[in-house]
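Structure first, then comments.
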Protein chains: 4
Amino acid sequence: MNTFGKIFRLTSFGESHGKGIGGIIDGCPAGVEIDVHEIQQELNRRRPGQSKLTTPRDEKDRIEILSGVFEGVSTGTPIAFAIWNKDQHSKDYGNLKDLFRPSHADYTYYQKYGIRDHRGGGRSSARETIARVVAGAIAKQILKSQGVTFNAYVSRVGEVEINKSYLELDLSKTENTDVRCPDPEMAEKMTNRILLAANNGDTVGGVITCVIGNVPIGLGEPVFNKLHADLGHAMLGINAVKGFEYGSGFEGTKMSGSAHNDEFVSTEEGVKTKTNNSGGIQGGISNGEDIYFNVGFKPIATIFKDQDTVDKEGNSMVINPKGRHDACVLPRAVPIVEAMAAMVIVDHYLANKTTRI
Amino acid sequence: MNTFGKIFRLTSFGESHGKGIGGIIDGCPAGVEIDVHEIQQELNRRRPGQSKLTTPRDEKDRIEILSGVFEGVSTGTPIAFAIWNKDQHSKDYGNLKDLFRPSHADYTYYQKYGIRDHRGGGRSSARETIARVVAGAIAKQILKSQGVTFNAYVSRVGEVEINKSYLELDLSKTENTDVRCPDPEMAEKMTNRILLAANNGDTVGGVITCVIGNVPIGLGEPVFNKLHADLGHAMLGINAVKGFEYGSGFEGTKMSGSAHNDEFVSTEEGVKTKTNNSGGIQGGISNGEDIYFNVGFKPIATIFKDQDTVDKEGNSMVINPKGRHDACVLPRAVPIVEAMAAMVIVDHYLANKTTRI
Amino acid sequence: MNTFGKIFRLTSFGESHGKGIGGIIDGCPAGVEIDVHEIQQELNRRRPGQSKLTTPRDEKDRIEILSGVFEGVSTGTPIAFAIWNKDQHSKDYGNLKDLFRPSHADYTYYQKYGIRDHRGGGRSSARETIARVVAGAIAKQILKSQGVTFNAYVSRVGEVEINKSYLELDLSKTENTDVRCPDPEMAEKMTNRILLAANNGDTVGGVITCVIGNVPIGLGEPVFNKLHADLGHAMLGINAVKGFEYGSGFEGTKMSGSAHNDEFVSTEEGVKTKTNNSGGIQGGISNGEDIYFNVGFKPIATIFKDQDTVDKEGNSMVINPKGRHDACVLPRAVPIVEAMAAMVIVDHYLANKTTRI
Amino acid sequence: MNTFGKIFRLTSFGESHGKGIGGIIDGCPAGVEIDVHEIQQELNRRRPGQSKLTTPRDEKDRIEILSGVFEGVSTGTPIAFAIWNKDQHSKDYGNLKDLFRPSHADYTYYQKYGIRDHRGGGRSSARETIARVVAGAIAKQILKSQGVTFNAYVSRVGEVEINKSYLELDLSKTENTDVRCPDPEMAEKMTNRILLAANNGDTVGGVITCVIGNVPIGLGEPVFNKLHADLGHAMLGINAVKGFEYGSGFEGTKMSGSAHNDEFVSTEEGVKTKTNNSGGIQGGISNGEDIYFNVGFKPIATIFKDQDTVDKEGNSMVINPKGRHDACVLPRAVPIVEAMAAMVIVDHYLANKTTRI
């Protein structure tokens, strides 16, 4: 199943060292002005080679729209797109052909399919997320007319953590730092933490926080497709994600009900909640408050150290991969988190149009 | 969308104070011996009134199979079932007709649909999970032939936490305690914590850990439907869930890659990993090791204290609900977590039959 | 897959001699006034025992709504319903347990599933269509507010055919005759044709024509889910249907393009077509003209004559079924055709709400 | 919804005068040897310019595989492909920008989406079927290992009809004639009929018959997704199709049950039916006999004669299109019918793997 979404649907394709990465967006409403420059900017936030924190692989990742847009406007027909692969060094992976890299997808792909394209991780490469960023960028453009905003940022690298709520941060500053942390002081510490790992041939994980503002009230299906369940599903589908929590999250599960409940108040702007432990979602449905959640990313599995592994025949081997890789996935994952969030919100936004007669 | 699953699909129905709760299971393979007694036992683990820790509402929750089973065996046609409502006190809710209970689904349902069945929470009641338990019980019966095991237990109540891995616990003891914690000493502390909350008219949250053993290698779709993404989706769809993490989870995101990676070793039983930070899933696909994950539940929103709220017209009000409710959702949620896990695994198990020619 | 529709979805269950027939309608918009009496009237049009043309089995087929309707109005949650079986004579089928009735589903069910509920045809019985009639009745109620009308009638029995377009008939007279033909003279001939077959222990097929009026412009998805493709799919899924054609149909394929094309004209009521060979659908999308189509039904397979067959072990046998059966499916199939048409139209009507930003 | 199929799924994209036509095949099993040459041959059967009967537009229609195939074998990941547009004369369509061609999709697209790519019909062009042919070719390659065969042929052009069952024809001769009729004498008459229409600037319709051999017993879902319902859905989704009938079809609806029923006989090769009015499908499930059906195509709407129409503002206009078009869609539609049939069969073949435990 390489399709995501029910009404606004992305079906994606492509391998790391194949011809390219791309997808088809079906169900995009007609009449949306598609700003290709903005899509490209989102891809630039994700692409390698953008800063000293990221792999020197210099992938330009230029988007080409193949269908569905006529004179700059979506026509209601499928929007296909591709980003052609350019800077692949397939030879770097020749020695990995018959080996399973620890904590990668090599072993399970091989067991599941009986065959795998080993070059650069094939389909399991994080290059696959390019298609998500494109579809998310278009989802954002649809939602912009509703005023919906998406702001993700790195809130923890390893043990280096911002100990503030998003409400205390100026989220407009996230893009000012390579690490994509809106707190400049913490950004510097995070940067140093990543460089430390890189210098050791090692890697480091962390957490991205995402805030969605101005979500219309009423989005979400209240049983199996609660809005947070679909957001969690989207985030857990991103490479390297280990956990998801929304609103008060795991910390909130330690509170008493009387402390945790969000009391309603009548304000000039309508009904509001005094607190927002619910994270903008009650009974699986958005209530108009900010939606916020955390996504935990494991340290990247590609390290430049000797590790034990086995080959296809089950022989014990030592592996020490070559290649060009990030030491921390977090900074480049920020636009991916936003993209997946936008796809979930736009899908529920469209679905909600059929809720009432 | 009241349907869960792609091949083994549950579509559920029912409100707390309507005629009953039920569902249709479509895609159940033909030839499965359906043990109705076992289904009933799973319902008994979920039902109210089973111990001093649960609400005194005495709902017998007897299952009735309506179709799809002939002479004790599934026929491949839809298995419909119902659990008829019996012990409802709708009058208890009369005073809630026009009020929105804080941190409940009342406000958002009303905003989304323009109408709601307020009696007992209507469709948003946790009684809805009855249908999940039935479908999960059948999923378990299908997987039993493959040796797959499901063991969930309460690992934390409020701040009272088992500080041991599941590997150090005897999971066969979980059902020995009302609180469903396999460590007898911690079980007693958790029980006391719940009773303390109950005595205060308050509530408390916590964490359920679930372990799935003997999962066949190769389950999971590697992009949007990674096995852990579908498990997370399933868990986050359960009422009151705030977070999901698998394998090393959020703690693992603090580790370095060299410490986190699971090296492969060749053993007499085939390829294994030395450690299992991956939680049995790599690249979204099961690798044959134990799958384990944590699910965080918020404190129940129904507390017996005065709280501020508003009514349908936006007038400020004070609410103090009556009715009969648990002080902690955790003990009764254990079978629900297992049921949702079983539905995800059986769905991927069936889907995987089409992976190779 | 016992689910029909994408947004307005019916999932059905039940066997001929099980506890009942029913279903769950998911995706019905909130706020629809559900007229149970009207649903019952549609069931009465389908039920056996309604006239001398139908089987003397006297099935009352009373609908019971189980969920999703509160104070007479749909709440947006699943509408479950059941029609409990009453007048089953399972013993009539005991001798069919190990035999395959010619041109029935017995052999293929057994081959597919390895097990079958032989009593009354089990799931393959036309009693299954009860669920369709209920869902279709609700679909009609939703569409009534848009002015959409559904008029099906029997246009041919065996060789006895109305040789008039629907435009020359008074469709309000369809229900005046047992055979459901709006032309009284032809109705009598059709009735005699059916009674002739019945007296011979034989059966007869024919054609139902259906006209849908006042369909909003723009319904239908133009590639795989053309409106007529989804209508055809719906009709071909009804028991005993052998063919579907819309607009000019197979006869139209004999015409030249210059005769077949529907020229556009500007009128006071907007753009119209001079002719309507397109049957109200162009490029898979409704154009505002009447939609009309024909559905061909084979003669019922249950005849009261000796026929050769085999048993489960492949032994040659002679079969001569007992039981109570119609000699012609057409009169009772009229409401089923309308119901399936209404489900298709309402599904596309709802889907179309997401077409434009 | 530009996706076809449930397990083996084609999502297609592209407009007549855009960058190209293509698609993503998701759910193709791993391990299938993909013969690109065979795919190209199927495209050549469909492409314009192949004979004197088809438009002189010389579209090479070369397939490019973009992903999912590694060293000639499917990997289980999505197979994306494109056929780049080359020989488009967009200027031919400039004068159609604001006009609605009669019996085309122009008017309904415009009404539905509020915008349309008018060049060459945009998405509504029959060039869209290129993607179907590619996916069908791969479906055939999967099914070849099961011995399943697909043979479609032109059985009628206008009134010129083969009055023989497929059993009396040598279907290996279909490709010998430009018109794709296996009876050489009738082929010549059909050819003359098409040329007559072309010389008049007019067009002609007809019927394609398709025979599927060696279908495994047990394919099809017995309620809404009967095998013939899904075949009918697939065929009615092809441009210009007006009707579908299978087995005895509409003629069979004139027969009595005693004449129509297919009695079972025990043979050395297992259970067979004496006749095959069921068209290889009983109760919606394949029974191992040949599946055969007819598909009716209307005359192409593009004629080179003056016709009345309106423009976007509703003004009356006369239209007389230029451009290069076939006078009859039938010969080139033969591979499309086979392709859609193969997609339906492979989808049910894969789905059926999950039917029994």
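The values are calculated or read from the model by the stated rules, or taken from the named source; none is laboratory data. Every value quoted in this text rests on a predicted model; they were computed, and no experiment measured them. Glycine gets a Cβ as well: all are built from the backbone with ideal geometry, and neighbour counts include every protein chain shown. Areas reflect the complete protein model, heavy atoms only, side chains present, ligands, DNA and RNA absent. Shrake-Rupley method; radii C 1.70, N 1.55, O 1.52, S 1.80 Å.
Number of residues in the stretch B:253-272 that are under 28 Å from B:Val337 (Cβ atoms) and either within 7 Å of chain A (Cβ to nearest Cβ) or buried (at least 24 other Cβ atoms within 10 Å of the Cβ) (or both) equals 5.
Among the candidates D:Thr174, D:Thr209, the residue that is open to solvent by less than 30 Å² (accessible area, probe 1.4 Å), part of a strand (DSSP E or B) and touching a Phe, Trp or Tyr at 6+ places or on another chain (Cβ under 8 Å) is uniquely D:Thr209.
Note on the stretch B:196-205: among residues that are assigned to a helix (DSSP H, G or I) and without any contact (Cβ under 8 Å) to a residue 12 or more places away in the chain, the one that is farthest from A:Gly252 (Cα to Cα) is B:Asn199.
Give all pairs with beta carbons closer than 6 Å in which a residue from the stretch C:208-230 that is within 7 Å of another protein chain (Cβ to nearest Cβ) and under 18 Å from C:Asn151 (Cβ atoms) meets a residue that is of a type in the set (A, V, I, L, M) and open to solvent by less than 10 Å² (accessible area, probe 1.4 Å); count only pairs at least 6 apart in sequence or on separate chains. Cβ pairs passing all conditions: C:His228/C:Ile281; C:His228/D:Leu236. The lone criterion from (1) open to solvent by 10 Å² or more (accessible area, probe 1.4 Å); (2) more than 7 Å from chain A (Cβ to nearest Cβ); (3) out of contact with any helix residue (DSSP H, G or I) (no Cβ under 7 Å at 6 or more places or on another chain) left unmet by B:Asn239 is number (3). Pairing residues of the stretch A:131-145 that are free of Cβ contacts under 8 Å to residues at least 12 places away in the same chain with residues that are outside any helix (DSSP H, G or I), at Cβ distances under 9 Å and at least 6 apart in sequence or on separate chains, gives A:Ser145/A:Val32; A:Ser145/C:Ile357.
Residue-wise test of (1) assigned to a loop (DSSP other than H, G, I, E, B); (2) buried (at least 21 other Cβ atoms within 10 Å of the Cβ).
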| site | (1), (2) |
| --- | --- |
| D:Glu188 | no, no |
| D:Ile194 | no, yes |
| D:Phe224 | yes, yes |
| D:His233 | no, yes |
| D:Glu245 | no, yes |
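Of the residues making up the stretch D:212-222, those that are of a type in the set (Val, Ile, Thr), open to solvent by less than 10 Å² (accessible area, probe 1.4 Å) and in a loop (DSSP other than H, G, I, E, B) number 1.
Residues in the stretch A:146-162 that are open to solvent by 50 Å² or more (accessible area, probe 1.4 Å), touching a residue at least 40 places away in the same chain (Cβ under 8 Å) and assigned to a loop (DSSP other than H, G, I, E, B): A:Gln146 alone. Of everything in the stretch B:131-173 that is within 16 Å of the chain's Cα centre (by Cα) and among the polar types (S, T, N, Q), the residue that is farthest from B:Leu350 (Cα to Cα) is B:Ser155. Inspect the stretch C:320-333 for any residue being farther than 30 Å from C:Asn95 by Cα and more than 10 Å from chain D (Cβ to nearest Cβ) and give the result as yes or no. Within the stretch C:320-333, not a single residue is farther than 30 Å from C:Asn95 by Cα and more than 10 Å from chain D (Cβ to nearest Cβ).
The set of residues in the stretch D:274-319 being buried (at least 17 other Cβ atoms within 10 Å of the Cβ), touching a strand residue (DSSP E or B) at 6+ places or on another chain (Cβ under 6 Å), farther than 30 Å from D:Phe224 by Cβ and facing another protein chain (nearest Cβ under 8 Å) consists of D:Pro299, D:Gln307, D:Thr309, D:Val310. Among residues of the stretch B:307-334 that are over 17 Å from B:Thr108 (Cα atoms), those with a Cβ under 6 angstrom from a residue that is modelled with pLDDT under 90 and not hydroxyl-bearing (Ser, Thr, Tyr), sequence gap 6+ or separate chain, pair up as B:Lys322/B:Asp92; B:Gly323/B:Asp92; B:Arg324/B:Pro56; B:Arg324/B:Arg57; B:Pro331/B:Leu53. More than 9 Å from every other protein chain (Cβ to nearest Cβ), surrounded by fewer than 21 Cβ atoms within 10 Å (Cβ to Cβ), at pLDDT below 95 and under 23 Å from B:Thr191 (Cβ atoms): is that true of B:Arg57 in this structure? When the stated conditions are applied, B:Arg57 passes them. For the criterion of being surrounded by fewer than 20 Cβ atoms within 10 Å (Cβ to Cβ), farther than 28 Å from A:Thr354 by Cα and facing another protein chain (nearest Cβ under 8 Å), A:Lys52 fails.
The set of residues in the stretch A:185-220 being in contact with a His (Cβ under 9 Å, 6 or more places away or on another chain) and over 17 Å from A:Glu289 (Cα atoms) consists of A:Thr203, A:Gly205. Pairs meeting the criteria (first residue in the stretch B:163-182 and among the hydrophobic types (A, V, I, L, M, F, W, C), second residue part of a loop (DSSP other than H, G, I, E, B) and surrounded by 11 or more Cβ atoms within 10 Å (Cβ to Cβ), beta carbons under 8 Å, at least 6 apart or on different chains) are B:Leu169/B:Ile162; B:Leu169/B:Pro182; B:Leu169/B:Asp183; B:Leu171/B:Pro182; B:Val179/B:Leu53; B:Cys181/B:Ile162. Does C:Phe250 meet the test of being at the interface with chain D (Cβ under 7 Å from one of its Cβ atoms), in contact (Cβ under 8 Å) with a residue 24 or more places away in the chain, more than 21 Å from D:Lys112 (Cβ to Cβ) and not in a loop (DSSP other than H, G, I, E, B)? For C:Phe250, the condition - at the interface with chain D (Cβ under 7 Å from one of its Cβ atoms), in contact (Cβ under 8 Å) with a residue 24 or more places away in the chain, more than 21 Å from D:Lys112 (Cβ to Cβ) and not in a loop (DSSP other than H, G, I, E, B) - is not met.
The residues of the stretch D:15-47 that are surrounded by 20 or more Cβ atoms within 10 Å (Cβ to Cβ), out of contact with any helix residue (DSSP H, G or I) (no Cβ under 7 Å at 6 or more places or on another chain) and within 27 Å of D:Ala198 (Cα to Cα) amount to a single one, D:Arg47.
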